[in-house]
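Scroll down for the structure; my scribbles are underneath it.
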Amino acid sequence: MIADVVTIFPAMVEAALAEGVIGRARQRGLIDIKVRDLRDYTVDRHSVVDDVPYGGGPGMVMKPEPLFRAVEAIAAERGRPSAVVLMTPQGQRFTHAEAERLAGLERIVVICGRYEGIDERVAEALVTDEISIGDYVLTGGELPALVVLDAVARLQPGVVGDEQSVAGDSFARGMLDHPHYTRPAVFRGLAVPDVLLSGHHGEIERWRRRERLRRTLERRPDLLDEAALTLDEQRELEALMENPPEEKTHESD
Ligand code: 4GX
């Protein structure tokens, strides 16, 4: 995967992409992500990227010219991008399915907007996909771009060490994950469920499957409408719905 990020805060984006699994994958050449400073594509002496909105009103709007020049320079250097993504609360909601779609593309460009937004002609003529990471307003598209790039990059072959863990991702399965525990077996009086210490792999898998279904039913029942459940999972879910486990309570309740 080749990805280019266009931003007025390249250091912020680069810092995040230099760490952890993604930073390592970049060093190993498994993914090629370049962070581009939008001001490098300006032509005026002061590297201005914003201007006042036509029609008046508060705030500033990102000028079209630097964004066009940036995407054209990237296309000339890398080849025509398969997608030009704009991070915006006006976009389609980002999901794991969308991460999988983008992960299959050869070259993507991600544009991080700031201020009140970008000149609409950029969205019309340059952008192929407008994506939102959720219904809240941030100060810029950099954090959303990092969210998208992280989710897409970890789907590239070899980026996450254990292929099994990527295939078994909770949202790849369409439901929430089961609980995880590590040592010690008892911590401050809180015990790990016995079944996990039993060594019975069949029972452990059944327990985990049941916990995934229980949590999904409890916290995100909406996911179950879309989830492709196995026959065993369907039966387990019906049992849970007939006989709902006690709700978790707190001492003060
Ligand atoms: N999911 N923001 C973008 C400026 C902006 C507005 C319109 C382009 C068009 C956000 C989100 C988000 C705030 C990033 C406004 N740029 N982006 N920014 N939620 O809130 O993606």
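FYI, it's all coordinate maths here, none of it is from the lab. Because the structure is a prediction, the values reported are computed rather than measured. We place every Cβ from the backbone using ideal geometry, glycine too, and count neighbours over all the protein chains shown.
Quick look at the values:
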{"item": "Spin-label zone in region 129-157 - amide nitrogen under 20 Å from a point set 7 Å from the Cα of Q90 along the C-beta vector", "result": "129-145"}
{"item": "Check: region 109-205 dipole with +1 on Lys, Arg Cβ and -1 on Asp, Glu Cβ, in debye", "result": "460"}
{"item": "Relative packing of 97-107, 151-161, which averages over residues the other C-beta atoms within 10 Å, highest first", "result": "151-161, 97-107"}
{"item": "Per-pair calculated FRET efficiency, R0 = 45 Å: A73 and L196 via Cβ, rounded to 0.05", "result": "0.25"}
{"item": "Computed helical MRE - 222 nm, the chain, DSSP H runs ≥ 4 contributing -39500 (n - 2.57), nearest 500", "result": "-11500 deg cm²/dmol"}
{"item": "Inter-site label distance for D40 and A185 at 7 Å from Cα along Cβ, in nm", "result": "5.7"}
{"item": "Of the DSSP H helices in the chain, those whose Cα atoms cover at least 24 Å axially and whose Kyte score averages 0.5 or more", "result": "none"}
{"item": "Along principal axes, Cα extents of region 1-147, largest first, whole Å", "result": "47, 35, 26"}
{"item": "Extension gain, L138 back to E242 (0.36 nm per residue minus Cα-Cα distance, nm)", "result": "33.2 nm"}
{"item": "Given charges at beta-carbon only (K, R positive; D, E negative), |dipole| of the chain in Debye", "result": "760"}
{"item": "Estimated distance in nm for a label pair at R206 and L105, the labels positioned 7 Å out from Cα along Cα-to-Cβ", "result": "4.6"}
{"item": "Choice from P179, P53, P221 showing the highest fluctuation, given a GNM over the chain with Cα pairs closer than 10 Å", "result": "P179"}
{"item": "Choice from V147, V166, V137 with maximal GNM fluctuation in the chain (Cα, 10 Å cutoff)", "result": "V137"}
{"item": "Calculated FRET efficiency for the pair R215/Y115, C-beta based, R₀ 41 Å, to 0.05", "result": "0.55"}
